[in-house]
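Presented below is the structure to which this report refers.
Any read-out appearing in this document is the output of simple, stated calculations on the displayed coordinates, not a laboratory observation. Values in this document were obtained by computation on a predicted structure and should not be read as measured data. With ideal geometry, Cβ positions are generated from the backbone for all residues, glycine too; neighbour counts draw on all protein chains shown.
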Amino acid sequence: MKRVLVTGGAGFIGSQFVRGLRDADVTVLDKLTYAGNRANLEGVPHRFVHGDVCDAELLSRIVPGHDLVVNFAAESHVDRSIEGAAEFVRTNVLGTQTLLQACLDAGVPKVVQVSTDEVYGSIDIGSWDESAPVRPRSPYAASKAGGDMIAQAYAITHGLNVSITRCGNNYGPRQYPEKIIPLFITNLLRGRKVPLYGDGGNVRDWIHVEDHCAGIRLVADVGEPGEVYHIAGTAELTNKELTARLLEACGKGWDMVEYVADRKGHDRRYSLDDRKLRALGWRPRISFEQGLKETVRWYRDNPGWWAGT
Ligand code: NAD
């Protein structure tokens, strides 16, 4: 049975990845920051290690013997990185390097570094392919780009078999209600207004978390060392269009929307060209309409999960 180590596996995407693994012996390493929640792994077979990806001594004990290591551990919220970037650089850059070194020392045969379209900056028209230069504009994006570049350096310099995935905006169950979709759903369910940044014209490409995880699984199986793979979304929407869908799904009107000052340095649009991964057989399976409906239902059915947030 394949032995898999998932760092950040108690978070939104990492826990979904663990849930979707079949015939694997899984260890989750997670620091359990505000975004990590052991309840996300309830009923999912795994061994849990409470710890930090920056802890080289801990990694030297738990990494050896794994066939695959997938790194989801990160500080992941742009607004928090604007308030304070130190933890982002620590976890997303130093943590990634510490983990890669442990994988190299232990001879781990395959590593996947999970990353984001935000490393490219902002694009008004067209889409980035994997050869586009990274031009991050927020401290979050810069820290992710730093982690990715360290990963590529470990592939080139040391021959570590690490591939990098870059994905668009995820949505689905168990996403901490600070990102727009769960924040707006839980606010509306609480009867509170939702804060829409600037003119609401920022464009994001949405993907269901299960489709993202399927892409990561494929890259874990067939990804080449040092290569980047895009996992694009299925629904390109302005935040205003997204808000309209969320209002409709929650049975509320525009009186529940409050326009607030724009995020500093707010990227206007992200867009990925995902032909490289599609050529390997990956396709998104979940339509935005269906996925959003199920996501709203999940938050409605699980108030205990988000009540304390
Ligand atoms: P999340 O914030 O929900 O989860 C992050 C997890 O990492 C949490 O469980 C947290 O406790 C853990 N963690 C944080 N610092 C740690 C540390 N130092 N050591 C060990 N664990 C630590 O984030 P997410 O949305 O699940 O994102 C997971 C990964 O996917 C991140 O690398 C993120 O950059 C990337 N990504 C996210 C999106 C998105 O839309 N959410 C899109 C593309 C890529």
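Which ³J(HN,Hα) values, rounded to whole Hz and listed in residue order, are derived for segment 301-309 from phi using the Karplus coefficients 6.51, -1.76 and 1.60 in 6.51 cos²θ - 1.76 cosθ + 1.60 with θ = phi - 60°, glycine and proline given as x?
Those phi angles translate into 7, 10, x, x, 5, 10, 4, x, 8 Hz.
Where does each of HIS77, HIS208 land when they are ranked from fewest to most other beta-carbon atoms within 10 angstrom?
Placing the least packed residue first, the sequence is HIS77, HIS208.
Assign unit charges at the C-beta atoms only (+1 for Lys and Arg, -1 for Asp and Glu), then state the dipole size of segment 1-64 relative to its Cα centre in Debye, rounded to the nearest 20.
Dipole size: approximately 200 debye.
Once the Cβ-Cβ distance between GLU294 and ALA56 is put in as r, and R0 is 35 Å, what FRET efficiency do you end up with, to the nearest 0.05?
Efficiency for this residue pair is about 0.30.
Going down the list LYS110/LYS276; LYS2/LYS31; LYS144/LYS179; LYS110/LYS144; LYS31/LYS240; LYS2/LYS179, which pairs span over 28 Å between their C-alpha atoms?
Flagged as over cut-off: LYS31/LYS240; LYS2/LYS179.
Please state the charge dipole magnitude for segment 136-225, taken about the Cα centre, from unit charges on C-beta atoms (+1 on K and R, -1 on D and E), reported in debye and rounded to the nearest 20.
500
With the chain treated as a Gaussian network of Cα nodes joined by springs under 10 Å, which of ASP211, ASP55, ASP274 yields the largest mean-square fluctuation?
Highest fluctuation of the listed residues: ASP55.
Under the rule of at least 5 residues apart or a separate chain, name every residue whose amide H is placed under 5 Å from the amide H of TRP128.
For TRP128, the qualifying residues are SER271, LEU272, ASP273.
Output ³J(HN,Hα) for segment 9-26: one whole-Hz value per residue in order, computed from phi by the Karplus curve 6.51 cos²θ - 1.76 cosθ + 1.60 with θ = phi - 60°, and x for Gly and Pro.
Values, residue by residue: x, 9, x, 4, 7, x, 5, 5, 4, 4, 4, x, 6, 10, 6, 10, 9, 10 Hz.
Fewest first, what order do GLU75, GLU87 take by the number of other Cβ atoms within 10 Å?
Fewest-to-most Cβ neighbours within 10 Å comes out as GLU87, GLU75.
Give me the distance between the Cα centres of segment 1-69 and segment 173-195, rounded to whole Å.
First find each Cα centre; the distance between them is then 27 Å.
So if I take the centroid of the Cα atoms in segment 75-132 and the same for segment 212-227, what is the distance between those two points in Å?
Result: 16 Å between the Cα centres.
How large are Rg and Dmax for the chain when calculated on the C-alpha trace, in angstrom?
When restricted to Cα atoms, the chain yields Rg and Dmax of 18.6, 57 Å.
Given labels modelled 7 Å from the Cα in the Cβ direction, how far is it in nm from LEU189 to ARG3?
It works out to 3.9 nm between the two label points.
With springs only between Cα atoms under 10 Å, which of ARG204, ARG22, ARG217 fluctuates most in a Gaussian network model of the chain?
So, out of ARG204, ARG22, ARG217, the one fluctuating most is ARG22.
Counting other C-beta atoms within 10 Å, which of LYS31, LYS193 has the fewest, and how do the rest follow?
Ascending number of Cβ neighbours within 10 Å: LYS193, LYS31.
How many nm is it between the label spots at ILE125 and ARG22, if each spot is 7 Å from the Cα in line with the beta carbon?
For the pair ILE125/ARG22, the computed spacing is 4.4 nm.
Give me the dipole magnitude in Debye, nearest 20, for segment 44-172 about the Cα centre, with unit charges on the beta carbon: positive for Lys and Arg, negative for Asp and Glu.
160
Who wins for biggest fluctuation among ALA214, ALA141, ALA73 in a Gaussian network model of the chain, springs between alpha carbons below 10 Å?
Fluctuation is largest for ALA214.
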